[in-house]
Structures are given as C-alpha cells and as structure tokens.
1. Taking the condition touching a strand residue (DSSP E or B) at 6+ places or on another chain (Cβ under 6 Å) and in a helix (DSSP H, G or I), does residue 175 pass?
2. With out of contact with any helix residue (DSSP H, G or I) (no Cβ under 6 Å at 6 or more places or on another chain) and either under 14 Å from residue 127 (Cβ atoms) or at pLDDT below 90 (or both) as the only criterion, which of 219, 192 stands out?
3. Quick one: which residue in 203, 270 is in a helix (DSSP H, G or I), at negative phi and exposed (fewer than 10 other Cβ atoms within 10 Å of the Cβ)?
4. Please work out if residue 152 is surrounded by 15 or more Cβ atoms within 10 Å (Cβ to Cβ), part of a strand (DSSP E or B) and modelled with pLDDT of 70 or more.
5. In this structure, is residue 255 surrounded by 10 or more Cβ atoms within 10 Å (Cβ to Cβ), out of contact with any helix residue (DSSP H, G or I) (no Cβ under 8 Å at 6 or more places or on another chain) and either closer than 30 Å to residue 194 by Cβ or in contact (Cβ under 8 Å) with a residue 12 or more places away in the chain (or both)?
6. Scan the range 206-220 and tell me whether some residue there is more than 22 Å from the chain's Cα centre (by Cα), farther than 23 Å from residue 238 by Cα and assigned to a helix (DSSP H, G or I).
C-alpha cells in the first residue's frame, strides 16, 4: 500500500503537481528595489556621504571637497567663456552689456563673461560680390543715356577697415555692398553712351564705379574699403547681340571707307596744292624776268638817248650799223660791187655747201 501512496506515511510526497521550495544552491535573481537601493548607496559614496542605509531620514550630505570641485568647475567654465583668441587677420569688438567697450587685437584677449561679450570680425580677408552673373535674371541689364540696353557683369572686392562701424551701422554687410554697387553702376551707365562703354571706357567705368561705391559706403559709415571693381563683361543683351554685331561690323566698314576717302582726298589735295604752288612760282619768276627785262631796256634806251642828245649824227650812224649787224649777221650773202670792173668778172659757181645742206639725211650719191 505504501507503494501506491508514494510514501511511507501515505502522503502525496510523490505528487509532482504540489508546490516546491526553491533550492538553496540555485542562483537567486535580485529584486528591483534591491537594485535601486544599491545604486543609491553608491551615489552617496560618490557624493561624499557614508555607506549604508538611510538612517534617521537624513539626505545625502555635501562635503567641502565636493563644493570646491564644483567651484573649480564653474571657474573653468567662466574662464573658457571669457578668454578668447583673435587671429592675425581678425579683430574683435567687445561689448559691455551690449554697448561697445573696446577693440580686441590679434592674440589672447579677455572679456569677462557674461558682462562683456565679443564679436570676431575678419578685417584683412578680401570678400567679393558678383553682380549680373546669373544670380538674378535682370540685375545686370542697365539703360544707357542714348537709350540702349547693356548687359554688365562686374565684381566688387572689399574688406573691413572698421569692425565697430561695420558691426553697428550695417544690418547685412554683403547685401549692403551689393545694393550700393548695383546702384552706383546703374548711375554711371545712365550717364554714358553705349559705344564708349563697350570699348574704350571700360577701365574708366570701373574706376568711377569704385570711387562712387566707396563714397556711398563712407556716407553710411560702413567701415568698408572697396579694394577694386572688376568689369568682366559689357555686352548687349543676348536677344539682340547678333543684330548688334551686324551693326558694329557695318560701322567698322563705314569707318574704313571713310578713312580711305580721307586718304584719297588728302593725297589729291596735296598734289593740287603742289601744282598750284609750282604755277605761282613760275608766274612769279616770269613776272620778275619781264620786269627786269623792261627795266634793262628802259635803262639802255635812256643811256642811248643821253648819248644821242650829246652827239646825234654819231649816235644815229651807230644805231644804224648795229641794227644792220643784227639783221644781216645770220644771213648767207654775197656782196658784188658793180663799180669794180662792171661786175662782169664774176664767174658763177656751183654752191656745194647749199647742195650738202639740202641733201637727204640718209645720204645719196657722191
């Protein structure tokens, strides 16, 4: 019977459905409350308290060492916020309760936080603003004084000279430079014609723009220096650039033909002036020759007249002989005196010299 009940006392010791006690040798899982208590004890030890339970209801105590460490930590945070470094290309503006109190030089600077704050501004670094280079569709289109539209792309290079003025007088420095530059360039283009602006006046336009931009920024007390203005492009709009190039080519052809015409006119005019001067010189020479000849003839006539008045007969005979000499001097002649032998002793002869004179040039017979 004992085997049937499963025990010597007839009990149900052999029934597997009854409750079991945990085995003392098996590992135990800690409860959540116990874990929290252990964490509190460790925290108290770290905070300078003593280990053990919460006796008498006192909270965790703070020792002098803990307070000193906290003070040192706060001092380190304050020093980290108060000391700052300024690089050589920068300057800082120190503000005491929001009002400027000084300018920080390159190196290590001290601004006791939170009463004094600072703003670091780059002063030597060149910054640039590009206008008319695709940022906006129409910011480079400008109207000239001869009612033409020109598409201008230019760049303004600038830096900061007065950090305090730049920080307090401008809300947005780059946007201010951009607006002032565009306004100045439009003013200059509005007073210029299209052709000089596209060719010979590009450098002059850039210089005038730089001066006008700088003057406007100085009137704002912006603390900005305009280093240079680069005029990259000045062309007609893309919609009319082909027609404009045709017009430019026609104008160049017109100028070339005008230069050729001027050269021809100058050459012909110079030749005409030379011929005119030559004719005048010839006429002046002829006039002087005729006058001198007339004066000579008049002087000779007066001399002959004076001689004639002193000796009329001799002078008359002399004039007669000189006249015959002039008339008969170049004439071939033979004079026969009829009173000598009656002129009958002359024998005719063949004038060989006349025959030779009248002979043909190619020669005939002997």
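1. On the way: touching a strand residue (DSSP E or B) at 6+ places or on another chain (Cβ under 6 Å): no; in a helix (DSSP H, G or I): yes.
For residue 175, the condition - touching a strand residue (DSSP E or B) at 6+ places or on another chain (Cβ under 6 Å) and in a helix (DSSP H, G or I) - is not met.
2. Details: 219 fails: either under 14 Å from residue 127 (Cβ atoms) or at pLDDT below 90 (or both).
Result: 192 is the single residue among 219, 192 that is out of contact with any helix residue (DSSP H, G or I) (no Cβ under 6 Å at 6 or more places or on another chain) and either under 14 Å from residue 127 (Cβ atoms) or at pLDDT below 90 (or both).
3. 203
4. Spelling it out, residue 152 is indeed surrounded by 15 or more Cβ atoms within 10 Å (Cβ to Cβ), part of a strand (DSSP E or B) and modelled with pLDDT of 70 or more.
5. Numbers: surrounded by 10 or more Cβ atoms within 10 Å (Cβ to Cβ): yes; out of contact with any helix residue (DSSP H, G or I) (no Cβ under 8 Å at 6 or more places or on another chain): yes; either closer than 30 Å to residue 194 by Cβ or in contact (Cβ under 8 Å) with a residue 12 or more places away in the chain (or both): yes.
So residue 255 passes the test.
6. Yes.
Yes/no matrix, rows are residues, columns are (1) exposed (fewer than 10 other Cβ atoms within 10 Å of the Cβ); (2) within 30 Å of residue 153 (Cα to Cα):
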{"residue": "238", "(1), (2)": "yes, yes"}
{"residue": "245", "(1), (2)": "no, yes"}
{"residue": "262", "(1), (2)": "no, no"}
{"residue": "274", "(1), (2)": "no, no"}
{"residue": "297", "(1), (2)": "no, no"}
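The values are calculated or read from the model by the stated rules, or taken from the named source; none is laboratory data. Because the structure is predicted, anything quoted here is derived from the model rather than measured. No Cβ is skipped: glycine too gets one built from the backbone with ideal geometry, and neighbour counts run over all protein chains shown.
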